[in-house]
Amino acid sequence: MSTPRTQRQSVRGKSVADTGSAIFLPFHENFSIFKRMELKGKKTVITGCTSGIGLELLKLLLVNDCTVVACARSIDRLELPAGIPTDKLYKLKTDVSDKDELDALFTFAAEKLGSIDLFIANAGFAYYEKIAGPDWEHIEKIYKTNVMSFIYCAEKMKALHGDAPYNFVVTGSSMGFLSMPGYSLYSGTKAAVRGFADAYRLELAPGQHFQVVYPIATKTKFFSNAGSDTPVPWPTQSSETVARKIVNGIKRDKKHIYPSATFRIMSIVNRVLPFLFKIYVAINNKAYQKWLATQPAKAEGDK
Ligand SMILES: NC(=O)c1ccc[n+]([C@@H]2O[C@H](COP(=O)([O-])OP(=O)(O)OC[C@H]3O[C@@H](n4cnc5c(N)ncnc54)[C@H](OP(=O)(O)O)[C@@H]3O)[C@@H](O)[C@H]2O)c1
């Protein structure tokens, strides 16, 4: 027997019968492109939230009444401003480059949250450098942190949920599109994020959202952690703005989240005028060469 139309229409997993009638929805909510996921109450795991973009995201999640498992290596030193509710916050010291620690994170999340509606794989870092020579551990460290960890977590989320809905968000980078001088290894890891996501998304069931964020230069500890006196590429955004745009993108189940409209426009224009990115890279290469000239030559074996 066919289901009456009013019961078949669904609003975020609830039948219209559960929510009252479609007539009472705000006008724009009747169109799928305007529908927004409700963040309130979401059981969330976030990695890399002791500073920068992750810290701003954590604040927004807590303010939105999410129950959050937050992790980083220095999570014990997490500082939240007064006024941010912490009664639904659970912290776990985790190094995401370690498989056993990620397993422990999922066990901890199962204990504290029961299930995970939203996983945000944000932890990551860069080297700003001239590659000194063959160095397996150097490559391994960044690929384990920036690539293997999020793929493993994505696989764990899929295994946990089967075909049930969830959101998985990973912080990629504009450098996933546009490799930058001094960031060979880092750009490689962020291109891997994009490459994996665009294929893996097609393996997921309806309602399972795999969302990649492509921030441009963001004013965080990222650059000072990448190397000494690392030049910051223009333009920049604040971590507060980036986090706000990420939350908007999550709510809209966007596959691709571009916190910077300028970068989005530049990448579209670059398809027609492909010299645009070349000029941008050339400008940044000048800054890189200047930076290189100030770097003391690395001693043999000093990594
Ligand atoms: N800032 C930018 O310009 C920019 C641009 C594009 C993309 N991104 C991406 O945005 C993400 C966040 O970076 P950010 O700019 O906010 O930098 P950030 O301020 O340095 O924050 C990085 C966060 O990741 C954590 N982290 C690093 N390695 C980790 C590990 N092995 N295990 C667990 N946590 C780890 C750090 O905490 P602990 O050190 O305590 O572990 C910290 O909480 C990264 O994925 C980065 O690649 C940044």
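Here are some notes:
- Whole-Hz ³J(HN,Hα) from phi, Karplus 6.51 cos²θ - 1.76 cosθ + 1.60, for region 39-52, glycine and proline x: 7, 3, x, 5, 8, 10, 10, 10, 9, x, 10, 8, 7, x
- Between the helical axis of 261-272 and the longest alpha-carbon principal axis of the chain there is an angle of about 70 degrees.
- The listed peptides 205-211, 159-165, 130-136, 118-124, ordered by packing as a protection proxy, come out as 118-124, 205-211, 159-165, 130-136 (highest mean of other Cβ atoms within 10 Å first).
- For the chain, a simple Cβ point-charge model (Lys and Arg +1, Asp and Glu -1, everything else neutral) yields a dipole of about 1080 debye relative to the Cα centre.
- Put simply, the amide H of residue 209, placed in the peptide plane, has neighbours under 5 Å in 166, 167, 168, leaving out anything fewer than 5 places away on its chain.
- Built amide H within the under 5 Å cut-off of residue 123, gap 5+: 47, 48
- The convex hull built on the alpha-carbon positions of region 32-294 has an orientation-averaged projected area of 14.7 nm².
- For the listed residue pairs 93/144; 112/219; 130/221; 91/144; 93/254, the alpha carbons are over 25 angstrom apart in 112/219; 93/254.
- Mean separation of Cα contacts under 8 Å (6+ apart) over length of region 135-239, as relative contact order %: 28
- Label-point separation in nm, residue 36 to residue 184, each point 7 Å along Cα→Cβ: 4.5
- Under 5 Å, built H, 5+ apart or other chain: amide partners of residue 90: 68, 69, 70
- The modelled label-to-label distance for the pair residue 251/residue 202, using points 7 Å beyond Cα in the direction of Cβ, is 3.2 nm.
- Here the relative contact order of region 32-294, from alpha carbon pairs under 8 Å that lie six or more residues apart, stands at 19 percent.
- Farthest positive-ward along region 32-294 dipole, Cα basis, beta-carbon charges - from 233, 94, 121: 233
- Net charge of Cβ neighbours under 14 Å - reference residue 201; Lys, Arg +1; Asp, Glu -1: 0
Read-outs: derived from the displayed coordinates by stated rules, not from any lab. Note that the structure is a prediction, hence the values are computed from the model and not measured. In this analysis, Cβ positions are derived from the backbone assuming ideal geometry, glycine residues included, and neighbour counts consider all displayed protein chains.
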